[in-house]
Structure formats: C-alpha cells, structure tokens
1. Run the helix sum for the chain: -39,500 (n - 2.57) per DSSP H stretch of 4+ residues, divided by residue count, reported at 222 nm to the nearest 500 deg cm²/dmol.
2. Averaged across orientations, what area in nm² does the convex hull of the alpha carbons in segment 120-177 project?
3. Using unit Cβ charges (K, R positive; D, E negative) and no other charged atoms, how large, in debye to the nearest 20, is the dipole of the chain about its Cα centre?
4. From the P(r) of the chain, could you give the percentage of C-alpha pairs in the tail past 23 Å?
5. Which residue, Ala138, Leu174, Val45, has the largest displacement toward the positive end of the dipole of the chain when charges sit on each Cβ (Lys, Arg +1; Asp, Glu -1)?
6. Relative to the compact-globule scaling 2.2 N^0.38 Å, provide the ratio for the alpha-carbon radius of gyration of segment 29-135.
7. Given a cut-off of under 8 Å on Cα pairs at least six residues apart, what relative contact order in percent is computed for the chain?
8. Span-like helices, the chain: DSSP H, alpha-carbon axial extent 20 Å or more, mean Kyte-Doolittle -1.0 or greater, which ones?
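Values in this text are rule-based calculations from the coordinates and carry no lab data. Keep in mind that what you see is a predicted model, and the values were worked out from it rather than measured. Glycine gets a Cβ as well: all are built from the backbone with ideal geometry, and neighbour counts include every protein chain shown.
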Amino acid sequence: MSSAGPVSRQFGPLSAIVVSGDITTQHADAIVNAANNQFWMGGGVAGAIKRVGGDVIEQEAMKQGPVEPGNAVATTAGKLNARWCIHAAVMDQDLVTSAEFITMATAKSLELAESLGADSIAFPALGTGVGAFPVPDAARLMIAATIAHAKIHTRPSQVTYVLFDHAAYQVFALELQRAHDSAK
C-alpha cells in the first residue's frame with residue numbers, strides 16, 4: 001500500500017476510510033481532537049484545530065473539563081467543516097497516554113457522535129503525537145474500537161482516520177485491511 005489515496009473497507013453498514021491529509025480540512029459531521037483531560041489546546045492536532053477552527057472551540061471544551069482520561073466531550077466546531085468537535089481525552093495533564101485511554105476515548109467519541117446524530121466522524125491518530133504512543137498500536141486499538149461500536153450501533157456510518165504523516169497513513173491502511181480480512 002504505497003499509494004496515498006483513500007483506503008476504504010466496509011464492516012456491515014460502517015464505512016471505515018483511511019486518508020492522508022489535514023484533519024482541519026475534512027468535511028464531516030464531527031471532527032475529533034486528540035485532547036488532554038483539561039481540554040487546553042496547545043500543539044499538535046489540538047493546536048491545529050484551534051488555529052483553524054477558532055478559540056471558541058477551546059473555550060467551550062475547557063468549560064466541560066476536567067474529565068477522567070478516556071472520556072470525551074463535544075463542542076461546536078467553530079470555522080471547521082463540521083458541526084461538532086469531539087474532544088477525546090486520551091491523556092491526563094501529565095500528557096501520558098495508554099492503550100486503555102485510547103480505546104476508551106475512541107469508543108466514547110463514537111458514542112457521543114451517535115448521540116449527537118452524526119453520520120460521519122473524522123479521527124486523527126489518537127495519542128501518537130504529544131502522547132508518543134506507537135502508531136501501530138493506536139491504529140489497532142482505534143480500528144478495533146470502531147468495529148466493536150459498529151456491531152451494535154448504526155451511527156456514525158462513516159469513520160475516517162485522517163493521518164498527517166505518510167508513514168502513519170500506511171500503518172493505518174494496513175491495519176484496516178488486516179482487520180477487514182480477519183472479520184471475514
């Protein structure tokens with residue numbers, strides 16, 4: 001999988017897609033922010049979302065924090081091409097993440113998207129920036145949580161993993177194919 005084009009696989013009614021790009025330019029009902037549990041938005045994905053979407057996203061999120069890592073909250077999406085920004089708390093203020101936090105935050109983000117009525121959601125690679133979690137492990141955990149959600153829920157019907165870096169894109173694309181093959 002050397003191409004950087006979208007890779008899409010079906011899991012029942014769910015369309016899971018891996019794309020190379022910038023999450024702040026994605027068109028989706030909800031865009032996920034890889035957040036800390038206080039919801040201040042400094043660098044990485046959070047910083048980019050704040051720069052493009054506006055300070056209102058951080059202000060609304062911080063009013064809902066702090067939360068336990070693994071939880072998620074929703075705000076408006078400011079100037080982003082989305083209705084909502086879902087803040088997935090994948091780390092505490094110590095900026096350390098874990099497999100448990102990434103799995104829980106992915107599942108909570110999907111549940112929150114469903115409760116909002118979102119049909120589409122775009123995720124970055126949670127915990128792999130500031131949290132320094134290994135990309136292959138994050139891909140496996142996030143895709144598994146998405147498939148588990150799709151087995152019992154109908155929304156969102158489209159989940160897009162948006163990877164800024166080509167190496168991360170390749171890892172997510174391979175993991176999506178592996179998960180699809182093992183689900184057959």
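1. Result for the chain: -12500 deg cm²/dmol, rounded to the nearest 500.
2. 3.9
3. 400
4. It works out to 32 percent of all Cα pairs.
5. Value computed over the given set: Leu174.
6. Here the answer is 0.92, to two decimals.
7. Across the chain, relative contact order equals 29 percent.
8. 99-116, 135-150, 166-183
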